[in-house]
Amino acid sequence: MTKATKLTIFVCSLATFAGLVAMLVFGLNSFNQVQNYKQQLNNTYQNNFYCLTDSVSNIENDLSKFSISSDDKLKERYLIEIVSLCQGAQNNLSSLPIEHNSLLNTYKFVNQLGGYCYSLSQKLSLGKELTTDDEAQIDDLHESAVKIKQDLTKLSNLINSGYSIVDNIQNPDVSKNNFSGEWNGMYDDTIEYPTLIYDGPFSDSTENKTVKGLENKYCTETEAKLFVESLFKDWQVESAGESAGKDFETWNFNVTKKETSGFVQITKKGCFLLQFSSDALNNEQTKTIDECETLAKQFAVGAGLKSFDIVWSTECDGFVYCNLVYVQDGVIVYPDMVKIKVNTQDGNVCGWEARSYAFNHKKRIDITPQKSQQQAKVLVDKNMTILTNKLCIIPAEYVGENLAWEFKCLMNDDVFYVYIDANTLQELNIMKVVQTNDGLLLM
Amino acid sequence: MKVFQKSMFFVLGIVAFLSVCVFTFNISLDSNLVAEAALTSSQVKTVQTKLKNWGYYSGSVDGIYGPKTKAAVISFQKKNGLTADGIVGAKTAAALGMSLKSSSATSKTSNNDLYLLAKCIYAEARGEPYAGQVAIGAVILNRVASSKFPNTISGVIYQPYAFTAVNDGQINLEPNQTAYNAARDALNGWDPSYGALYYYNPKTATSSWIWSRTVVVTIGNHKFAI
């Protein structure tokens, strides 16, 4: 063996050794990092879990204090605290690595409890009294909260004994994911949650809306297709089956025109254009917003709408979104709204959304205001300049509608819409026009 | 000697290469994206709640920054030696014991929501018909409105195990214009899914639970269910 060969072997061995050392360093480094990340993740999960147990515990305490309090101001304070605690609990729940179907009822309880307490706090802030039903409902909710607290305590004991959540979340399958399994095992899904119907967010009543705006006659698929062909004259129309949603049954159609394709949904009841969306793209803007509004109105007439006006339009990425509403005797009826999307490149309508219209449209009976526009006007902030005013019907925050005076106002270059109840003069809502990269938004 | 020198360079080269690999890998592991939270009306509610608890505010906690709230803020500012301008800036927020990191731009809220929604639509449904992409966005928004899910778009999207594309990291792909358009339509109220809360691809879905849901409509490869 020559000296050169020996040297080569030596160097190769050294290289291999160096490689192994580097791999070892790399491996150890990676292992330490993974351990570090796991620890941080476990800390986050544990933090969320403990925050959840704290929130539930405080909710339970506040509910019991509420039940024995005789002062409305104090009751209101407890209710507001519970709303805040429910928001926190909901955030913590959504950060825990548990399969969604295991959390359905808990989510619903937390969200509805928050919504219900919010509606009661609103009632008290307006000087109204709580009914005996309200108080009884709170007692029922307290019982559920006590049960949840007990179940969470079992899980707390498990985690306190050294259980690592992060070591047990590798498999999202509930049967194999131990933390979901532990949750299912210890958290009792048989807890009875009361059905809550109230004027607030997440009320069960919002899930039982009725469709009022469709004519009481049914169309066949052939009739629906003829209607689509009359609306989309240059498009190819093909049947795409039918759908049976909770509120609407529809005939569906695929429509194509050159490289653009769309999906049209026609209600079986009333043969009404419920929705249309297409993948149209925009490369060049040739139409103005005013021209697009005119084209949107023409399309709406073709779709069978009568007595309407466009109340809001905004342009974004070459598309104009027009909000078109029903107008009855000069009164703007905002709940009966259709949204139309027009492509500024060719002026084609490339989107239509009319579920609100289909849900709400009907002739309103009492649209005479008890309070005059002048009476409402004095309530608008003195620092604002009133630009226009209209009488309108707006949706109530959760259920129902309100007849209101709408004042479009200007203050410090910001545009606001102020709504004052035309019967009670209560300030109902304030919307601010916000300029964003995505056009003008009302927030 | 020449061979020795070459060999040494070779060894050093390997060591240097491996060191660079380890270093680069560490950097890639350490880097992360920090998303700034955006202002929501709940911050106004927080202001109202705090002022109400401290006796400055007697109106309802409704998230609307109306004249009553403004008057309460001015009263609070006067009492605490702050500029009494009725604006909840950084100093007033600090005195209230709350953070207003994202209060400067409501437009940011909508941009973040649109971007997140577009990312999720692109990750979950690129290649699906446009209406199917809008429907995915609508499902996310339907979940936000439902009592059975988190109440924010990010909460719904990042809910553990809710979306395959979030679990496997495809959520970080940059969305195309079609996904943005679909997200914007969904935010504007388009919902071809008729209020669906779930969707699945029958060819790939493994959860037995999801098959028990009532299917409302099928668009492309996805069945949308309630």
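Since every read-out is calculated from the coordinates, none of them should be taken as a lab result. All values reported here derive from a predicted model rather than from experimental measurement. Glycine gets a Cβ as well: all are built from the backbone with ideal geometry, and neighbour counts include every protein chain shown.
Remarks
- Net length gained if the chain between A:Asp309 and A:Ala18 were fully extended (0.36 nm per residue, minus Cα distance): 96.9 nm
- Relative to the current alpha-carbon distance between A:Thr2 and A:Tyr50, full extension at 0.36 nm per residue lengthens the span by 10.2 nm.
- Nearest-ten-degree value, helix A:100-125 long axis tilted from longest Cα axis of chain A: 50
- Helix A:132-160 vs. chain A, principal-axis angle (Cα, 0 to 90°, nearest 10): 20
- Charge dipole magnitude, Cβ of K and R +1, D and E -1 - region B:162-226, Cα centre, debye nearest 20: 220
- Under 15 Å of direct C-alpha separation, and excluding same-chain neighbours fewer than eight residues apart, B:Lys52 reaches these aspartates and glutamates: A:Asp72, A:Glu76, A:Glu81, B:Asp62.
- Over 23 Å (Cα to Cα) - which of A:Lys246/B:Lys203; A:Lys128/B:Lys78; A:Lys75/A:Lys432; A:Lys233/A:Lys341; A:Lys258/A:Lys341; A:Lys341/B:Lys148 fall in this group: A:Lys246/B:Lys203; A:Lys128/B:Lys78; A:Lys75/A:Lys432; A:Lys341/B:Lys148
- Cleavage-rule hits (trypsin sites (Lys or Arg not before Pro)) in region B:139-226: DSSP loop, at most 16 neighbouring Cβ within 10 angstrom: B:Lys203
- Relative frequency of Cα-Cα separations exceeding 17 Å in region A:221-360, percent: 59
- Left without a cysteine partner by the 4.7 Å Cβ rule in chain A: A:Cys12, A:Cys51, A:Cys86, A:Cys117, A:Cys292, A:Cys316, A:Cys322, A:Cys350, A:Cys392, A:Cys409.
- With q set to 0.10, 0.11, 0.12, 0.14 Å⁻¹, the log10 of I(q)/I(0) for chain A, from the Debye formula over equal scatterers at the Cα positions, is -1.00, -1.11, -1.19, -1.26.
- Considering region B:106-225, its Cα convex hull presents a mean projected area of 7.0 nm².
- Computed magnitude of the charge dipole of chain A (debye, nearest 20; Cβ of K, R +1, Cβ of D, E -1): 960
- For region A:37-101 versus region A:304-376, the inter-centroid distance based on Cα atoms is 41 Å.
- Cut-off 14 Å between beta-carbons: net charge of the residues surrounding B:Asn176, Lys and Arg +1, Asp and Glu -1: -2
- Radius ratio Rg over Rh of region A:30-89, counting only Cα atoms, Kirkwood formula for Rh: 1.32
- Theoretical gain in end-to-end length, A:Gln236 to A:Gln39 [0.36 nm per residue, Cα-Cα removed]: 65.1 nm
- In straight-distance terms, cross-link reach from B:Lys79 covers every one of the aspartates and glutamates whose alpha-carbon lies under 18 Å from its own, apart from those fewer than eight places away in the same chain; here that gives an empty set.
- Applying Stokes-Einstein at 25 °C and 0.890 mPa s to the Kirkwood radius of region A:373-442, computed over alpha-carbon pairs, gives a translational diffusion coefficient of 194 µm² s⁻¹.
- Helix A:3-68 and the long axis of chain A differ in direction by around 50°, with both axes built from C-alpha atoms.
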